[in-house]
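The values are calculated or read from the model by the stated rules, or taken from the named source; none is laboratory data. Small disclaimer: the values here were computed from a predicted structure and weren't measured. Heads up, the Cβs are rebuilt from the backbone with ideal geometry, glycines too, and the neighbour counts pull from every protein chain shown.
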Amino acid sequence: MARLRSPTHGGNVYAASRDLGRGVHNLIDFSASINPLGPSPRVWRAIADSRDLMAHYPDPDCWELRHTLATCWDRQPEEIAVGNGSTELIDVLPRALKIRHLLVAHPTFSEYAAAMERAGGRVSAVYAKRAEQYMQPIGDLCHVLDTRRPKSSAIDGVMLCNPNSPTGQACTVDEIRRLAEVTQRRGMWLLIDEAFCDYCSDRSFLPVAALWPRVVILRSVTKFYALPGLRVGYAVAKPAVIKALRRQMPPWSVNVMGQAAALAAVNDSSYVQKSVRFMDRERERVGIMLAALPGCLVTPTYANYFFLEIPRGWHVHDLSAKLRDEGLLIRDCSAVPGANSRLIRLAVRSQRENDFLLQALSKILREHRP
Ligand SMILES: Cc1ncc(COP(=O)(O)O)c(C=O)c1O
C-alpha cells in the first residue's frame, strides 16, 4: 500500500503549442484518446440551433439529457446526475458519499487519488502486474477487502476503471459482480468509471448495476462522442446517491452547448455503430504494427488506446521529446504509479495519422538506439 502522487494528464495541446511555437492544428494529439471520427454531424446542427439559448442560463437539471440517458439505460431520470465531464463527478464523489479511504488498482487514472486528496481522504492501491499484461487485479482487490479488519481507517470505497486507463485492460461483468459482492457485503462503495466502455459494451456493468445499492457508474460523453472541449459526463446510481452528488455540485455546471451536443450525440445510433466498427478495425491494424516494432511490448486493449512499453535502454522522456519535435504528442506514463519509465499510452486515431506516428516511432527507435 502506498501514498500516491498526482501525475499530469494527456491532451494539453495548448501547452505543447506554446512550447513548440506551432498552432494547435499543426499538432497530432495521441496523448488524449478521443474518437478520431470527430463529433457526430448532428452535434454541429444542435450547437447552431441552441445559439439563441446562450443568453439564458443552462437548464440546471439537464432535464432533457437526463431523460434521454434514462431511456437509453432503462433507468429513471432520478438515477442520473450530469456533470461538467465525468471529472466533476469524480471530484464530488468522495465528499458526497463521505468516502475516507479509497482502494484503487494501479496503474490507473490519476484523478481518483487527486479527488481523494482534495477531500482530505486517503488512497491505498493494489498493482496490476506486468507479467500478467496488466490485467485488472480483481482477485487482489477482493483479497484486500476481505482480509482488512473493520476499523475507522478501513477502506470504505473501491474505484474500478473499466476499461482501465492507461492499460486498456477490462474485466468481465462476472468479475465486477464478484467485486460488487464483496463491497456490498462489507458496506463499501463500488465506483466504476466506464469512461471508455462504449468500445467494449459487453463489459459494462451499467445494465446490471441497478441491483446494487452501493454502486455508482460513471460515463463520459467526451471521449467516444469526441466532445472533450464541451465537458459532459454522467453518473448512474440510486436516487438517494444522485441527490447526495447533486448537493455537492455547483448549479449550471453543464453549459447550454454541452447539453445540446450531448443530447444530439447520444441519439445518433448510426454514428455510434460507425465509431465502434471503425475502432474495431483500426485498433487491430495498429496493434499488429505496434507489436512488430522490435523490443516493444503491447498490452491487449479494449479501449481506443494502446499501453506500449518501448525497448530496454530507452526512457519515455527521450522518445516523447523526439516525437514532440515532429508535432506528435504521446502520453508519457513514466510517472504513473505502477508503470515503469518505458511505458506510454497512444490513442488510436485516423488511419493516416496512425501510419504517420508508426513511421516516426519506428524511425526514431531504429536511428537513436540508446
Ligand atoms: C479513465 C478516465 N475517466 C474519466 C476521465 C475524465 O473524462 P471527462 O471529464 O472528459 O468526462 C478521463 C479523462 O482522461 C479518463 O481517462
- Item | Members of segment 1-15 found to be at pLDDT below 80 and among the β-branched types (Val, Ile, Thr), listed by number | Thr8
- Query: Looking at segment 67-85, which of its residues are within 16 Å of the ligand (Cβ to nearest atom), closer than 19 Å to Asn267 by Cα, of a type outside the set (A, V, I, L, M) and not in a strand (DSSP E or B)?
  - Reply: Gly85
- Specify which of the listed residues (Ser320, Ser220) is within 16 Å of Asp198 (Cα to Cα) and of a type outside the set (D, E, K, R). Ser220
- Out of Arg185, Arg178, which single residue is touching a Cys at 6+ places or on another chain (Cβ under 7 Å), assigned by TED's automatic domain parsing to the domain that holds Ala113 and farther than 26 Å from Pro60 by Cα? Arg178
- Task: May I ask you to verify whether Ser201 is away from the ligand (no atom under 14 Å from the Cβ), farther than 30 Å from Tyr57 by Cβ, surrounded by fewer than 17 Cβ atoms within 10 Å (Cβ to Cβ) and among the small types (Gly, Ala, Ser)?
- Result: yes
- Note on Val215: of the conditions (1) within 12 Å of Asn84 (Cα to Cα); (2) more than 16 Å from the ligand (Cβ to nearest atom); (3) surrounded by 23 or more Cβ atoms within 10 Å (Cβ to Cβ), unmet is (1)
- If the Cβ limit is 6 Å and pairs must be 6+ apart or interchain, which residue in segment 8-21 that is under 20 Å from Arg345 (Cβ atoms) pairs with which residue that is at pLDDT 90 or above and part of a loop (DSSP other than H, G, I, E, B)? Gly10/Ser31; Gly10/Ala32; Gly11/Ser31; Gly11/Ala32; Val13/Leu27; Ala16/Leu27
- Query: Among the residues of segment 170-195, which ones are in contact with a strand residue (DSSP E or B) (Cβ under 8 Å, 6 or more places away or on another chain) and either within 26 Å of Ser33 (Cβ to Cβ) or within 14 Å of the ligand (Cβ to nearest atom) (or both)?
  - Reply: Cys171, Ile176, Leu179, Leu190, Leu191, Ile192, Asp193, Glu194, Ala195
- Query: Mind checking whether some residue in segment 308-315 is part of a strand (DSSP E or B) and outside the structural domain of Cys200 (by TED's automatic domain parsing)?
  - Reply: yes
- What do you reckon, is Val216 among the hydrophobic types (A, V, I, L, M, F, W, C) and either under 16 Å from Thr68 (Cβ atoms) or in contact with a Lys or Arg (Cβ under 8 Å, 6 or more places away or on another chain) (or both)? no
- Subset of segment 220-247 (residues that are more than 12 Å from the ligand (Cβ to nearest atom) and either modelled with pLDDT under 95 or surrounded by fewer than 17 Cβ atoms within 10 Å (Cβ to Cβ) (or both)): Pro239, Ala240, Lys243, Arg247
- Note on the structure: Going through segment 17-57 in order, the residues found to be among the acidic types (Asp, Glu), in a helix (DSSP H, G or I) and within 28 Å of the chain's Cα centre (by Cα) are Asp19
- Verdict on Tyr14 being within 21 Å of the chain's Cα centre (by Cα) and exposed (fewer than 12 other Cβ atoms within 10 Å of the Cβ): yes
